[in-house]
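The values are calculated or read from the model by the stated rules, or taken from the named source; none is laboratory data. In this text, all values refer to a predicted model and were calculated from it rather than measured experimentally. Quick reminder, even Gly has a Cβ in these numbers, built from the backbone with ideal geometry, and neighbours come from all protein chains shown.
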Amino acid sequence: MHHLKRSEDKKRIEDCSPNMGTSMASISGYILSQITESVKVVKPIKVMIFGSTVKKGLAGNDIDLLIVSNEFEDILRQDRKKMFNLPKELKFDLFLFTLKEFEKFKNSNSPLVESIECDSIELKVL
């Protein structure tokens, strides 16, 4: 696995589009509250909406949702998605990590990392 140097990481963040999040207003408060209520069950460390939803709102094909929680520690990847009761009328792509898995993922050379860094909105879950 390739690890980015700090200077490369900083450059990648600086290359992000300056207008991220402009379409988030088109996602209703109801949908956002449904998402935040659904993810509370795993006591998340981080919850982020990213990708086309941030750029286009609900005009995108799906909602990309990243959730970091140590509650996933002993749960198989394929079973993690079953833990949530997200709105059925929408399609979600879930990216579910423990904190350790997320740290490893962040240091990967995946284009998905750049999408998350550039086009994401962190949701506060209380």
Legend entry - Candidate set from segment 1-46 (those that are among the small types (Gly, Ala, Ser) and within 30 Å of Glu73 (Cβ to Cβ)); member that is modelled with the highest pLDDT: Ser38
Inset, instruction - Check off (1) surrounded by 15 or more Cβ atoms within 10 Å (Cβ to Cβ); (2) assigned to a loop (DSSP other than H, G, I, E, B) for Met48 and give me the number that stays unchecked. - result: (2)
Inset, instruction - Tell me, yes or no, whether segment 47-70 has at least one residue that is modelled with pLDDT of 95 or more and more than 26 Å from Ser28 (Cα to Cα). - result: yes
Inset, instruction - Scan segment 73-126 residue by residue and report those that are touching an Asp or Glu at 6+ places or on another chain (Cβ under 6 Å), surrounded by 13 or more Cβ atoms within 10 Å (Cβ to Cβ) and either at pLDDT below 95 or in a strand (DSSP E or B) (or both). - result: Asp93
Legend entry - Matching option when the condition is basic (Lys, Arg) and more than 19 Å from Val39 (Cβ to Cβ), among Lys124, Lys104, Lys88: Lys104
